[in-house]
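Q: Handing you a structure now.
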Amino acid sequence: MNLTESVRIDKYLWAVRLFKTRSLAAEACKKGRVTIDEQPVKSSRVIRRGDIICIKVPPAVKTYKVLDLSEKRMGAKLVPDYLEDITPKEELDLLEMARMTQKLSRPRGTGRPTKKDRRDLDNLKNDLD
């Protein structure tokens, strides 16, 4: 376990691999997408063990519990020692539905669907029924 007592939230979110860069984590804080106790936080906000962090990932909100603190980026296998995903199943289902609807839409200007595209759409439609 780490001896750190408090860490900036942007450093922590980057260290536990929720954001690819620290600047992306800071930007998410600035835009109000990161909350603690339902209050938007600045990137300089100090977090402690036991805090519950909510991150808005439209159209859902992912929820995490801080188990331990670290300022250094870690390997993916170490993340469960520092962070617990407590996102409700309803939110995860909402994200999955958004992914599926995104697959159904085609970029504008790509022309008519090919036969393979049509079969894929039909298969996806049958899976949803």
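Q: Return the aspartates and glutamates within reach of Lys31: Cα separation strictly under 16 angstrom, same-chain partners fewer than 8 residues apart disregarded; answer none if there are no such residues.
A: Partners found: Asp10.
Q: Still on this model: Using Cα-only point scatterers and the Debye equation, what is log10 of I(q)/I(0) for the stretch 49-97 at each q in 0.19, 0.21 Å⁻¹, rounded to two decimals?
A: -0.68, -0.78
Q: Using Cβ contacts closer than 10 Å as the measure, can you line up Lys30, Lys62, Lys125, Lys11 from fewest to most?
A: Fewest-to-most Cβ neighbours within 10 Å comes out as Lys125, Lys30, Lys62, Lys11.
Q: Okay, moving on. Return the sequence-ordered ³J(HN,Hα) values of the stretch 50-62 in whole Hz as given by the Karplus equation 6.51 cos²θ - 1.76 cosθ + 1.60 applied to θ = phi - 60°, using x for Gly and Pro.
A: x, 5, 9, 10, 10, 10, 7, 10, x, x, 10, 10, 8
Q: Right, here's the next one. For Ile52, Ile86, Ile47, which order do you get if you count the other beta carbons within 10 Å of each Cβ and list the fewest first?
A: Ile86, Ile52, Ile47
Q: Also, I was wondering about something else. Of all GluC sites (Glu not before Pro) in the stretch 70-112, which ones are in loop regions per DSSP and have a Cβ with at most 14 other Cβ atoms within 10 Å?
A: Passing sites in the stretch 70-112 are Glu71.
Q: Evaluate the Debye formula for the chain with equal point scatterers sitting on the alpha carbons, no solvent, and hand back log10 of I(q)/I(0) at q = 0.11, 0.15, 0.20 Å⁻¹, in q order, two decimals.
A: -0.51, -0.76, -1.07
Q: If each DSSP helix of 4+ residues adds -39,500 (n - 2.57) and the sum is divided by the residues in the chain, what number results at 222 nm, nearest 500 deg cm²/dmol?
A: Counting only the DSSP helices, I get -11000 deg cm²/dmol.
Q: To continue, here is another question. Under 5 Å between amide H atoms, partner at least 5 residues away or on a different chain: which partners does Val7 have, H built in plane at 1.01 Å?
A: Ile47
Q: Sticking with this one: Using +1 at the Cβ of each Lys and Arg and -1 at the Cβ of each Asp and Glu in the chain, identify which of Ala60, Val79, Pro113 lies farthest towards the dipole's positive end.
A: Among Ala60, Val79, Pro113, the one farthest towards the positive end of the dipole of the chain is Pro113.
Q: Moving on to the next point. At 25 °C and 0.890 mPa s, what whole-number value in µm²/s does Stokes-Einstein give for the translational diffusion of the stretch 88-129, with Rh from the Kirkwood sum over Cα pairs?
A: Reported coefficient: 209 µm²/s.
Computed from the coordinates by the stated procedures, all read-outs in this text should not be read as laboratory data. Here the structure is a predicted model, which means the values were calculated and not measured. Because the Cβ atoms are built from the backbone with ideal geometry, glycine has one as well, and the counts that use them run over all protein chains shown.
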